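Undergrad: Got a structure here, written out as structure tokens. Questions coming.
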Amino acid sequence: MYCYTCASDEQHRRLSAEEKVWLKNRTGRKSVEEFFMCTAPDCRNLRTGFNKHPFDPVIRVPLPD
């Protein structure tokens, strides 16, 4: 998938259960099943399957503790 912040095609993955809870709290959305996270080093940008840039400003998933 294309990553808006990397400006290139990068590997993405679905969010983990903890990341989904974080995103729900961050955005107030009831469902975040459509989001994918860029797995490029130091990126962690979010996108959906159809929308490359769903948030302005960009939301990045924090690193796990």
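Undergrad: Picking from Leu15, Leu23, Leu46, Leu63, which residue would you name as being surrounded by fewer than 11 Cβ atoms within 10 Å (Cβ to Cβ) and touching a residue at least 12 places away in the same chain (Cβ under 8 Å)?
TA: Residue meeting the stated conditions: Leu63.
Undergrad: Working only within region 26-43, note down all residues that are open to solvent by 20 Å² or more (accessible area, probe 1.4 Å) and either farther than 19 Å from Ala7 by Cβ or not aromatic (Phe, Trp, Tyr) (or both).
TA: Those that are open to solvent by 20 Å² or more (accessible area, probe 1.4 Å) and either farther than 19 Å from Ala7 by Cβ or not aromatic (Phe, Trp, Tyr) (or both): Arg26, Thr27, Gly28, Arg29, Lys30, Ser31, Glu33, Glu34, Thr39, Pro41, Asp42.
The values are calculated or read from the model by the stated rules, or taken from the named source; none is laboratory data. It should be emphasised that the depicted structure is a prediction, and the values quoted were computed from it without experimental measurement. In this analysis, Cβ positions are derived from the backbone assuming ideal geometry, glycine residues included, and neighbour counts consider all displayed protein chains. What goes into the accessible areas is simple: the full protein's heavy atoms, side chains included, and nothing from ligands, DNA or RNA. Shrake-Rupley method; radii C 1.70, N 1.55, O 1.52, S 1.80 Å.
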